[in-house]
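In what follows, a single structure is set out as structure tokens and then discussed.
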Amino acid sequence: MLVKLAWKNVWRNKKRTLIVAASVMFAVVLAILMRSAQLGSYAYMIDSATHLQTGYLQVQHRDYRENRSLEKSYVPPVGLKDTLTQMTGVSAVAPRLETFALVSHDSVTRAVGIQGIDPAAEDAMTRLSKWLVKGSFLEKGDSSLIMGAGLAKKLNVTVGDSVVLYGMGYHGQTAAAILNVRGLLELPLPQLNNSAVLMSLSRVQYIYMAPGRVTALVMMLDHPDEMARIKTELARHVPAPLTVIDWQEMMPELKQYIQIDNASGLIMLAILYMVIAFGVFGTVMMMTAEREREFGILNALGMKKTRLMAVSAVESVMVSFIGALAGLALGIPLALYYVEHPIRLSGDLAAAYETLGIEPVMSFSARPDMFGAQALVVFVIAVFCALYPLFFIRRMRASTAIRH
Amino acid sequence: MALIDVRHITKTYNSTAVPVHALRDVNVHFEKKEFTAIVGPSGSGKTTLLNILGGLDAPTSGEVLIGGQNITGMKESALVEFRLRHIGFVFQAYNLIPVLTAIENVEFIMLLQGVGKKERHERARTLLADVGLADRLDSRPSQLSGGQQQRVAVARALASRPRFVLADEPTANLDSESTTSLLDMMEEMNAKYEMTFIFSTHDARVIERAHRVITLEDGRFQEDKQ
């Protein structure tokens, strides 16, 4: 009957109960949306940056990060690529030979980044061909090149034109070639779009006199959360002087941005929690004052304070639970909607994203643990605030309370 | 041995700038089956005495023995248990639990006592029938008149099978007809269950029906009329 009494008490003042439950509900919804936007954006940033640039993991020469020259390229040991491909959790492996060159057309010359790729493997991994706006994508052994549309504009070239490539090959030899433009990519990142040239791996190895050499074996993962485990496991298969590095080491500025943004997001969440806590606390204080006489009467009749407190606590839990449940019922579909319909950013925020090499899109996360965690945190805060009557009852004197 | 023995009770409230002497050396005892009214003007100490008899308040000095047991020095939790087992209360404003029905209100005290579901339901039905509310068992307090609510309150007070019932101005909020009806019912309960009733009241109609009238004035015992 005590639980029944608590339940009936919850509904004796419907408006008050609904106000408290609605406060909790909106807190859960806001917390879910805020956190979903944050986690979703981070996941998207990482996904976008790894797909367009680095992959999740790379096998590089241990000095390549400090000295990005062909001197730090390597010939992959026999069987290494197969070992990586067969490793559980690794979804794709693609070799790359990256270097620099001057590319000229007529009187215009630009410094560009050259990527020698395995067209099929790279496209399967990075979905590069989806950015193709003119011409066709590379094929294996292709002797032509594709480039960013921004770079093509600067060089004033289009599909079918020829460009002259001039660079420094392996061991300082001259690397030069005349190459046809086969396709143009409208890459989402201005930095890449204005400087990227892609060629087949074998062609770059030939021009740069680096047969069989790569600067990296790039890997994508089935589940990015498993990166640390896979990295450790991979390290056992990679002989010196090669090493396995992850996207956080390759893009430290992105990692730092996420850390800072996450911290500020948590501060915003804490402010939201505090606002809700004060709201719930105020309502509970008012409710307690209204019921002082009733608490006194029950105590006078012989209801021990511990039982009174238990009934009051059960009431608080019930109201907070209703609010948290309603918050989940509203928050989850909203978050799922935004997962399916991400928000495209514009203005300064978009520019900030592009600076980091990320497509300017605000994505949302639908991680189940995030929903549960937010509902639980708000629920606990609400219950904690709603425990005020317990302290009130503990200090109450029945003879005084029944006169109110 | 007296049912209730009040010995040299003094109560002084020191919370105000000038101490208020609510009771000054009151000595009185109550026997089983009494139907007693405590009367006196406002501020005479009636409610304070009732609170001390019910263990809701502690005297500044003196002691109260109920069935020979001194309740004056009891710990709060023990006093709550004592009230639950031995004392019934009826309040001026009825103070039923608004979300419970009449029968649930009466059962509630027995629930606190640990009485089994079947027994407490039977006892509650019988008591509500005794107070003339057999047909209002499932009514909420808000669906009952003031007089009916006070009848439920009396049934609730009797439900715990207490040694005595304390009623603080039980007719103050009732009209004349309801007052008469309530007093008839309480006298009947007094006779049927040999229950001791102690009232505080201003009401002449209650004083007329009381078997014993104790008068207080300025916290002092003035008169004890049988």
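Take every pair of alpha-carbon atoms less than 8 Å apart whose residues are at least six positions apart; their mean separation over the length of segment A:63-239 yields a relative contact order of 31 percent. Contact order, relative form, for chain A: 27 percent (alpha carbon pairs under 8 Å, 6 or more residues apart, mean separation divided by residue count). Placing a pseudo-label 7 Å from each Cα along the Cα-to-Cβ vector at A:V133 and A:D261 gives an inter-label distance of 2.5 nm.
Shown is the FRET efficiency for A:T232 and A:M168, computed with R0 = 35 Å from the Cβ-Cβ distance and rounded to the nearest 0.05: 0.45. Could you name the lysines in cross-link range of A:K130, using Cα to Cα under 27 Å and dropping any fewer than eight places away on the same chain? Counting by Cα, and skipping residues close in sequence, A:K130 has these lysines nearby: A:K81, A:K140, A:K153, A:K154, A:K255.
Averaged across B:109-122, how many Cβ atoms of other chains sit within 10 Å of each residue's Cβ atom?
Mean inter-chain Cβ contacts per residue within 10 Å come to 1.
Shown here for segment B:137-226: GluC sites (Glu not before Pro) in loop regions (DSSP other than H, G, I, E, B) with at most 11 other Cβ atoms within 10 Å, namely B:E194. Each part reduced to its alpha carbon centroid, segment A:309-360 and segment B:1-71 end up 61 Å apart.
Taken residue by residue and averaged, Cβ atoms of other chains lying within 10 Å of the Cβ of B:79-87 number 4. Size descriptors for segment A:248-321 (Cα atoms only): Rg and Dmax, in that order, 22.0, 72 Å.
Across segment B:36-75, the residues whose backbone nitrogen lies under 14 Å from the label position 7 Å along the beta-carbon direction of B:N14 are B:59-61. Note on chain A: helix-only mean residue ellipticity at 222 nm, from DSSP H runs of 4+ residues weighted -39500 (n - 2.57) and normalised by residue number, equals -17000 deg cm²/dmol. In chain B, the DSSP-assigned H stretches of four residues or longer account for a calculated mean residue ellipticity at 222 nm of -11000 deg cm²/dmol, using -39500 (n - 2.57) per stretch and the full residue count as denominator. For the residues of A:2-14, the average number of beta carbons from a partner chain within 10 Å of their own beta carbon is 2. Here the simple spin-label model places points 7 Å from the Cα toward Cβ, and for B:K118 and A:R395 these points are separated by 4.7 nm.
Helix A:252-290 and the long axis of chain A differ in direction by around 10°, with both axes built from C-alpha atoms.
Size of segment A:198-312 from its Cα atoms: along the principal axes, largest to smallest, the extents are 96, 28, 21 Å.
If you wrap the Cα atoms of segment A:1-133 in a convex hull and average its projected area over all directions, you get 17.6 nm².
Inverting the pair-averaged 1/r between distinct Cα atoms of segment A:1-66 gives 16.6 Å as its Kirkwood hydrodynamic radius. Taking only the Cα atoms of the protein assembly as shown, the radius of gyration and Dmax are 42.2, 129 Å.
Here A:S104 and A:M268 are evaluated by their C-beta separation; at R0 = 30 Å the FRET efficiency comes out at 0.05.
Run through every distinct alpha carbon pair of chain B and return the Kirkwood hydrodynamic radius in angstroms, one decimal place.
Value: 17.9 Å, from the Cα pair sum.
Of the cross-linked pairs A:K4/A:K304; A:K8/A:K305; A:K304/B:K46; B:K117/B:K192; B:K75/B:K192, those separated by over 22 Å at the C-alpha level are A:K304/B:K46; B:K117/B:K192; B:K75/B:K192.
Bear in mind these aren't lab numbers, they're just calculated from the coordinates by the rules spelled out. Since we're looking at a predicted model, the values are computed, not measured. With ideal geometry, Cβ positions are generated from the backbone for all residues, glycine too; neighbour counts draw on all protein chains shown.
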